[in-house]
Structure formats: structure tokens, C-alpha cells
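The structure appears right after this line, and notes come after that.
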Amino acid sequence: MTKFQTFLILLILGILFASPTYADDLFQFDEGFDQSALDLYERSLQLAERYPNLIAFEPLGMSTDQRPIYVLRVSENINSHNRYAYTDKMHIMISAGLHARETYNPFVTLRLIEDYAKDYYAEDTLNFVNMKDILSKTVIHVIPLSNPDGFDIVKFGPDAIKDKSLKSFFEKEVRGDYTRLKANVNGVDLNRNFENYTLNRDTMTFKTDEGIKDRYAIVRKNPALDFYGGPYPGSEIETQILQDYYLSYDFRVYLSYHSMGRVIYRGSTHYSQSIAKLTLDYRDLACEITHYKIPFETNQSAWGYESGFVLYNTNKPLITIETTPTVEFPTPSKYYKSEYNRFKLNELPIAFIEKAHQIGYFDYKLYKDGVYVRDFVDLDYAKAIATQIGGEILIYEGPPRYDQALRSDVSNIINSYRSIFKINSFFIK
Ligand SMILES: [Zn+2]
């Protein structure tokens with residue numbers, strides 16, 4: 001074959017397989033390292049504009065130093081006002097950027113949903129998934145940057161702090177090498193700031209942190225680069241936004257992205273045998289896909305973890321994915337592409353979604369005032385929550401029956417859906 005014939009064949013193939021997607025990715029591996037919180041925010045808006053049938057953008061609030069915190073929801077017909085855009089689908093929660101210095105993951109979570117959107121229109125983009133099938137029955141929720149103030153401080157220094165009094169507080173009280181910062185601009189480690197409740201299985205009542213002996217195991221008493229839990233549980237606006245969103249949908253599983261040396265944490269599972277088993281199943285699947293390792297685990301645990309909040313409130317697993325080696329911060333640019341490809345980071349959420357569909361819903365379903373709230377893997381736990389909120393447990397197999405509950409006169413289906421799933425004024429005050 002001559003060079004010209006080869007050229008012609010490639011040209012014809014190119015025309016035949018041309019896709020409606022764009023040539024340039026919005027989230028480019030070689031640009032990620034330099035991007036600010038505002039850059040990621042603007043790109044996220046563009047991503048939602050580029051794929052209006054697949055991606056919905058919602059602002060959730062502003063951080064302490066007034067940077068937007070937002071969610072992207074990915075599913076087929078996501079912006080349609082038909083309630084089936086949300087109900088009859090399974091929901092999975094992905095979050096990143098809780099710890100300031102772990103700067104790689106906000107980029108990663110955005111890049112992976114861009115890959116998913118591309119594959120939806122051009123099926124040869126990803127070879128491990130049928131994205132049309134996945135997105136017809138699943139909603140993927142992504143909060144890419146939970147601690148945007150800390151993210152910018154680690155990348156650009158304390159001069160990035162916009163508010164003068166916050167800046168002088170940070171420089172005086174938090175101190176130290178700001179590239180090691182895990183906390184937010186107030187010096188509060190958000191992964192020690194979550195509201196924490198445990199179930200006393202003898203009395204079947206919930207108790208707060210007071211009952212936990214090792215509250216200060218890895219928690220400092222003053223603002224610092226890391227491990228300070230804040231003046232009280234849920235004191236930080238960033239934590240409040242996450243807590244609120246985590247209870248707003250009937251999520252099957254939560255994935256939280258951190259960067260502490262290529263391991264997968266399963267979070268505390270002392271709660272019940274059934275939730276422990278479920279959590280371990282997801283953890284093992286994550287290890288199988290990524291080849292990240294299982295870390296050394298101790299019984300000691302601090303207070304105020306995100307995983308604890310999710311476990312206690314929803315009785316569903318939260319799996320923590322620790323990407324990249326813990327050496328330099330902010331995460332060096334050399335990892336952006338290699339880590340993504342080598343450890344199959346875009347395959348992991350798909351594997352979790354497939355597993356969630358395979359498992360299906362649990363039999364113990366909580367209703368309050370005739371409205372479905374969520375299902376539980378553990379009956380004792382379901383009963384305890386039901387008692388707490390004045391609800392009841394209905395036991396039946398298969399997906400939840402919530403048709404009765406949806407009001408037909410609501411124009412904003414999203415808010416209606418969320419108010420149904422939220423356990424009002426229980427843990428969130
Ligand atoms: Zn972390």
C-alpha cells in the first residue's frame with residue numbers, strides 16, 4: 001500500500017467514526033497541576049454546557065473564603081423535568097478535595113466524568129463499559145472540590161486568601177509549611193469535623209462523641225495544618241455542605257478521594273456484621289480494579305470522620321481511595337496522567353456502579369409519614385433510626401416504592417426528590 005492509499009483509508013475511517021464530541025478535552029492532564037479552584041469551577045460549568053443531556057451543574061454554597069462548592073450530576077436526560085431523570089435510578093456519590101494538599105483528585109474526578117460523557121456519545125472512548133447502559137439507570141454525583149480555600153492556599157500560598165482577617169488569622173494561628181496543609185482556611189481538618197454518632201446496641205439508642213474514649217487520638221485542640229476537629233462538630237461551612245448533600249439522595253455507596261500512598265481505606269465497620277461485610281466487598285473490589293493496597297489497620301480511630309458520618313446516617317459504605325505516593329505536595333504534575341492510566345482510576349466508579357446494581361436494594365426500608373427515606377442493610381439499625389425519627393420500617397424485596405410520595409404538582413422535581421430522601425432535623429440541625 002502506498003502512503004497515499006494509507007492516508008485515504010485513514011481519512012475514510014476518520015469520517016465514518018467521527019463523533020459528536022469535541023476534539024479538545026476540558027480537563028487536560030498537562031494543565032491540571034497549574035489550575036486554581038476557580039479554573040476547575042469554570043471548566044466544570046463548561047462541561048455541563050457541553051453535555052446538557054448528561055450533566056447537571058448545581059452550586060451548593062460558598063466556602064469560608066467565598067469560593068463556590070458545587071456538584072455535577074451525570075445521567076441520561078439529567079436535565080429533563082421528568083421525575084424519571086432521578087427516580088428509578090441508582091445513585092452513587094463521589095467526592096474529592098477534602099484535604100487541601102491532596103490536589104490531584106479534584107482534577108481526577110472531573111476528568112473521569114468527562115471521559116464518561118465522551119464515551120456516551122462515542123462508545124469506543126472507554127473499552128470497559130457500555131456508558132449508555134450505565135447512564136440510563138444510574139446517577140453519578142460528583143463534588144470535585146470540597147475544600148477550595150485550602151486547595152488554593154497549598155497551590156498558590158496564603159496570598160490566595162481573599163479575606164484580610166482570614167488571611168491574618170491563617171498566618172498567625174495555622175502557621176507552618178502551607179504546602180502540607182490538610183485543613184481549611186480556619187485551620188480545621190474537615191475530616192475530623194463531621195458530626196459523629198454511634199449506636200449503642202444494648203440500648204438501641206444513639207450517642208454522640210462524648211461516649212468515644214479516643215476522641216483526641218489523632219485530633220488537635222487548636223487550629224493547625226491538620227488534625228484539628230474544630231470548635232464543635234460540623235462547625236465548618238464546607239462540612240455542613242457535604243453533610244447536607246450526603247443525606248439528600250438515596251446513595252448506594254460513597255467514594256471519597258484522598259492522596260495518602262496508593263491504599264484503599266474502608267472506614268470504621270464495627271457497626272454491624274452486615275455493613276462490615278458490604279464495606280469489605282466494595283473495598284476488595286476497589287483493590288482488585290486499581291491494584292492499590294490494603295493499609296495497615298488499627299482499632300484506634302479518631303472522631304469526626306466523613307466515613308463515620310456516612311455509616312451512621314445512611315448505613316451504606318464509604319470507601320476512601322488514596323491516590324499517588326505521599327511524598328510531595330501539592331501533588332506533582334508527573335502523576336496526573338500516569339496515575340490515572342496505570343491504576344485505572346476511571347474504571348473504579350463503574351465497577352462500583354455495576355456492583356450496586358448487582359446487589360440491588362435492601363429489604364429494610366424506612367418510611368416517614370408514608371414517604372420512602374432509604375433502605376438499610378441491617379434491621380436493628382433500621383429500627384433504631386426509625387425510632388429516632390418517628391418513622392416505620394417496611395420489609396419487602398426489590399426497589400423502593402415511592403410513587404405515592406411524589407407530589408405531581410411540584411415544578412422543581414430535584415428539590416422534591418431531595419426533600420423526600422432527607423431525614424429532616426435528625427442529625428442535621
Ligand atoms: Zn486526605
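Numerical summary
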| read-out | value |
| --- | --- |
| The range 278-362: GluC sites (Glu not before Pro) in DSSP loop, at most 14 other beta carbons within 10 Å | GLU297, GLU328 |
| Sequence of MET90, MET62, MET204 from largest to smallest accessible area, 1.4 Å probe | MET62, MET204, MET90 |
| Over 28 Å between alpha carbons, listed pairs LYS164/LYS334; LYS221/LYS383; LYS162/LYS337; LYS155/LYS344 | LYS164/LYS334; LYS221/LYS383; LYS162/LYS337 |
| Gain in span if fully extended, ALA122 to LYS334, counting 0.36 nm per residue against the direct Cα distance | 73.5 nm |
| Förster radius 30 Å - calculated FRET efficiency between ASP30 and TYR232 (Cβ-Cβ, nearest 0.05) | 0.10 |
| Length added when fully stretched, SER136-LYS221, from 0.36 nm per residue minus Cα-Cα | 25.8 nm |
| Spin-label proximity, ILE389 to the range 231-259 - amide N less than 12 Å from point 7 Å beyond Cα toward beta carbon | 247-251 |
| In nm, spacing of pseudo-spin labels at ASN53 and PHE156 (7 Å Cα→C-beta vector) | 3.7 nm |
| Spin-label pair GLU173/ASP281, simplified geometry with 7 Å Cα→Cβ offset, distance in nm | 4.5 nm |
| Residue-normalised accessible area of the range 21-361, expressed per residue, 1.4 Å probe, Å² | 38 Å² |
| Estimated FRET transfer efficiency when R0 is 41 angstrom, pair GLN5-HIS291 (beta carbons, to 0.05) | 0.45 |
| Charge dipole magnitude, Cβ of K and R +1, D and E -1 - the range 21-361, Cα centre, debye nearest 20 | 780 debye |
| Whole-percent carbon and sulfur share, accessible surface of the range 21-361, 1.4 Å | 48 percent |
| Amide proton proximity set for GLY61, modelled H, under 5 Å, gap of 5+ | ILE69 |
| Nitroxide proxy distance, nm - points 7 Å out along Cα→Cβ at ASP202 and ASP244 | 3.9 nm |
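The values are calculated or read from the model by the stated rules, or taken from the named source; none is laboratory data. This structure is a prediction, so every number in the text was calculated from the model and none was measured. Note that each Cβ is placed from the backbone with ideal geometry, even for glycine, and that neighbours are counted across all protein chains shown. Heads up: the accessible areas ignore ligands, DNA and RNA and are worked out on the full protein's heavy atoms, side chains in. Shrake-Rupley method; radii C 1.70, N 1.55, O 1.52, S 1.80 Å.
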